[in-house]
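Taking it in order: structure first as structure tokens, then the write-up.
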Amino acid sequence: MRTDIFARLDREPEPPTTEIPRMSRHRIALFGGTLAFYLAIVFAVLASSWLVALDWKVMLFRPYQQWPGLHAFLDYYVVLGQRGPTAVMVAAWLGWRSWRQHTLRPLLTLGTSLLLLNVTVGAVKLGLGRLGPHYATRIGSAELFAGGDIFPSGHTANAVVTWGILAYLATTPRARRYLSAVSAFVSLGVGLTTVYIGTHWLSDVLLGWAAGLLILLALPWFEPLITRTEAWILSVREQLRSRRGLRETVPAIPVGPGPVVLLPQSLSVGEGAQEPAKSQAGPAGHPGAARARAHPVRSERTPPTPGGSRRPPHADRAPRGATTPSRPVTGGTVSP
């Protein structure tokens, strides 16, 4: 039985040297093209153009009624775009990688991407205030500035960022290609599933894909901040460890009670208070004073109490048990 396949589960002796992605010309070109697509979708919805008419056609088509057999499966599949479950799963995997490779970069990168996702997508959602298909009031309207929070699709953008971060943190080109394909398939399926269920317009999904891709493409700009944050956290951890080790190496000095001086019972309270003062007084180098301080004074034993009664005998009293003559009763007659 082979056991070397479990060697990859062990912790590496030192952090590996991984290549951190940089903002190359190719990446900057993709970022610019995605940003232009993002702004075009927003403008098309604000102008109530053909894209809004397409949203209404897809919504009135009601895909969940056309293919009802897919509804049960897609209700579970759409969970891959929810922020809570996906963040927990990916954070668990990246946390294990951080422990194994002695680095906090995977977890810090995930936290940075989720923070950017909440700020950018949340701001556009609240700013445009678009209502979803189930709450639409006028056919053909863009339903903007009505107090909603549906544009762009949070499920779609979260699927792009959460699963795309695995491809971003891949250590080999082969793994990066495979993970990019998997994350693209998952995010594409999550976006179309929200359109099928009827919780999002088609334009919401398009803008969600663009929003998530923009965050992934912009992550190399935040790599220096991630590196400084990791160095600071590790320095604080080392300081805490050094303080804890210093406390454990320095033993505590036990403080015991001093010698107890017992006074004889024959001395009064005043004499007992004066006697220790006299014994402690004296020259500093006198051996008797040191002996008196080092050894406690023993108290004298009290003489034992003799047994029997302590009362003195009386001459006019007879001992107990002897017969005594009867005394005459005063005022009575004496018989002959």
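Assorted remarks:
- Contacts under 7 angstrom Cβ, first residue in the range 216-229 being surrounded by 12 or more Cβ atoms within 10 Å (Cβ to Cβ), partner of a type in the set (F, W, Y) and part of a helix (DSSP H, G or I), 6 or more apart: L216/Y168; L217/F31; A218/F31; L219/Y168
- As for the range 172-184, it holds no residue that is buried (at least 23 other Cβ atoms within 10 Å of the Cβ) and modelled with pLDDT under 95.
- Which numbered condition T194 misses (of (1) part of a helix (DSSP H, G or I); (2) in contact with an Asp or Glu (Cβ under 8 Å, 6 or more places away or on another chain); (3) surrounded by fewer than 24 Cβ atoms within 10 Å (Cβ to Cβ)): (3)
- Any hit, the range 201-209, residues being among the small types (G, A, S) and either touching a strand residue (DSSP E or B) at 6+ places or on another chain (Cβ under 9 Å) or open to solvent by 10 Å² or more (accessible area, probe 1.4 Å) (or both): no
- Matching residues in the range 241-261 - criterion: being at pLDDT 75 or above and either of a type in the set (G, A, S) or closer than 24 Å to T109 by Cβ (or both): S242, G245
- If the condition is being open to solvent by less than 50 Å² (accessible area, probe 1.4 Å), over 25 Å from G164 (Cβ atoms) and not in a helix (DSSP H, G or I), then the range 48-103 contributes only S49.
- Residue satisfying all of: in the range 148-171; open to solvent by less than 60 Å² (accessible area, probe 1.4 Å) and not in a helix (DSSP H, G or I); farthest from G132 (Cα to Cα) among these: A170
- Tally of residues being more than 30 Å from L108 (Cα to Cα) and of a type outside the set (A, V, I, L, M) across the range 62-97: 11
The values are calculated or read from the model by the stated rules, or taken from the named source; none is laboratory data. Because the structure is a prediction, the values reported are computed rather than measured. Cβ atoms come from the backbone with ideal geometry, glycine included; neighbour counts cover every protein chain shown. Areas reflect the complete protein model, heavy atoms only, side chains present, ligands, DNA and RNA absent. Shrake-Rupley method; radii C 1.70, N 1.55, O 1.52, S 1.80 Å.
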